[in-house]
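The values are calculated or read from the model by the stated rules, or taken from the named source; none is laboratory data. None of the values given here were measured: they were computed from a predicted structure. Positions of Cβ are backbone-derived with ideal geometry, glycine not excepted, and every protein chain shown enters the neighbour counts. Side chains are part of the model used for accessible areas, which takes the heavy atoms of the whole protein and leaves out ligands, DNA and RNA. Shrake-Rupley method; radii C 1.70, N 1.55, O 1.52, S 1.80 Å.
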2 protein chains.
Amino acid sequence: MAIFSKTCEYAMRAVFYVAQRSHEGYKVGIKEIAGHINSPEPFLAKILQQLSRDGVILSTKGPNGGFYFDAASLNRPLADVVTAVDGDDIFTGCGLGLTYCSESNPCPLHEEFKKVRNQLTHMLHTTTIGKFNLGLIKGKFTLNK
Amino acid sequence: MAIFSKTCEYAMRAVFYVAQRSHEGYKVGIKEIAGHINSPEPFLAKILQQLSRDGVILSTKGPNGGFYFDAASLNRPLADVVTAVDGDDIFTGCGLGLTYCSESNPCPLHEEFKKVRNQLTHMLHTTTIGKFNLGLIKGKFTLNK
DNA sequence: ATGATAAAAGACAAAAATATCTTTTATTGA
DNA sequence: TCAATAAAAGATATTTTTGTCTTTTATCAT
């Protein structure tokens, strides 16, 4: 059991790949994306549809179509991707799964857990979709396996 | 999608409850635990069986039996509970789900994600199973809903 | 020893997450 | 306009997680 769901992992990998290709001036088809991030193609299609509906990623149909980001979208935080596919439980939920738990009525683990949650939130809000474009283009990173 | 699985949330709540009762000198039956942490009884039974097999929690069958902790076990870290039910993916896994990712061959998100993972690891290792006993006994916290 | 109690174990069921397949819609270029 | 392309949408399948039920085993008190 990892921190993010499989859906979310695929979404983030896909977004980083599309961002890189957008930076290089290309739109990308689902097949190319799935191949480069090592994800099941039809499942990834569903995920990107969701991101597209939420306005996180852009897409056009037809020849030379595909998924892409404009300059503004490249500066959006990775948190938007996570929220679009998994909701915001990961940013707001109680560590013990208790619905009553809040700042004013905390569960036992609240103070301890809050630090972790806040760090995760901070990380996902300061990491932009386009942050790794240069590293990816230079081949410093890969996104498959 | 929360950070911990439902299984893990129930496990942590149950462990805190049993720890409190052990501190008070009682063993606890599955029915009492399930009632106090608001979890499905037979499902919780499976989870506690797993913890018992792993030696994280102690139990005895028969009349006046139930689950409990000895003094040494009360000082074990909450991390042991998480590992027993969910494995150690949450402590070691890549944020993007990439198997190649490591300190020497990092994925794009590695440095950023590492901080979050380390904070979570630190929190779960410094929080002991018995840490909230006094707060729970005083009614400062509850573990249901 | 025996009956009552309570966890352990095993088989089974429902729900959610993950994955696939087919049809429809939009866009492009000839 | 028409054929080709590629995403969107809808229906379906599989796997994992979550949840239930029944039988077995161990322990205690009498």
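Criterion applied to A:Y100, A:Y68 was being within 24 Å of B:T7 (Cβ to Cβ) and either touching a residue at least 12 places away in the same chain (Cβ under 8 Å) or of a type outside the set (S, T, N, Q) (or both), and the one residue passing it is A:Y100.
I'd like to check which helices (runs of 4 or more DSSP H) are fully inside the range A:1-67 and have at least 1 residues that are more than 10 Å from DNA strand D (Cβ to nearest atom) and closer than 21 Å to A:T128 by Cβ.
Working: elements: A:6-23, A:30-37, A:41-53.
Fully inside the range A:1-67 and qualifying: A:6-23, A:30-37.
When the range B:92-112 is limited to residues that are within 7 Å of another protein chain (Cβ to nearest Cβ) and not aliphatic (A, V, I, L, M), the one that is nearest to A:I90 (Cα to Cα) turns out to be B:G95. Across the range A:71-93, the number of residues qualifying as more than 22 Å from A:F113 (Cα to Cα) and without any contact (Cβ under 8 Å) to a residue 12 or more places away in the chain comes to 2.
Quick check on the range B:71-90: of everything there that is within 16 Å of DNA strand D (Cβ to nearest atom) and more than 12 Å from the chain's Cα centre (by Cα), which residue is surrounded by the most Cβ atoms within 10 Å (Cβ to Cβ)?
Looking only at the range B:71-90, we keep the residues that are within 16 Å of DNA strand D (Cβ to nearest atom), and these are B:81-90.
With the extra rule that they be more than 12 Å from the chain's Cα centre (by Cα), the set shrinks to B:88-90.
Working: B:D88: 12, B:D89: 13, B:I90: 21.
Result: B:I90.
Just wondering, is there one or more residues in the range A:114-122 that are at the interface with chain B (Cβ under 7 Å from one of its Cβ atoms) and under 19 Å from B:K6 (Cα atoms)? Yes, the range A:114-122 has at least one match. Every listed requirement among (1) more than 9 Å from chain B (Cβ to nearest Cβ); (2) in contact with a Leu (Cβ under 8 Å, 6 or more places away or on another chain); (3) of a type outside the set (D, E, K, R) is met by A:G139 save one, (2).
What about A:Y68, is it open to solvent by less than 70 Å² (accessible area, probe 1.4 Å), away from DNA strand C (no atom under 11 Å from the Cβ) and aromatic (F, W, Y)? Spell out how you get there, then give the answer.
Details: open to solvent by less than 70 Å² (accessible area, probe 1.4 Å): yes; away from DNA strand C (no atom under 11 Å from the Cβ): yes; aromatic (F, W, Y): yes.
Answer is yes for this residue.
Residues are listed down the side, and each one gets a yes or a no for (1) of a type outside the set (S, T, Y); (2) over 19 Å from B:R76 (Cα atoms); (3) within 10 Å of DNA strand C (Cβ to nearest atom):
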{"position": "B:Y10", "(1), (2), (3)": "no, no, no"}
{"position": "B:A14", "(1), (2), (3)": "yes, no, no"}
{"position": "B:A19", "(1), (2), (3)": "yes, no, no"}
{"position": "B:G29", "(1), (2), (3)": "yes, yes, yes"}
{"position": "B:I47", "(1), (2), (3)": "yes, no, yes"}
{"position": "B:Q50", "(1), (2), (3)": "yes, no, yes"}
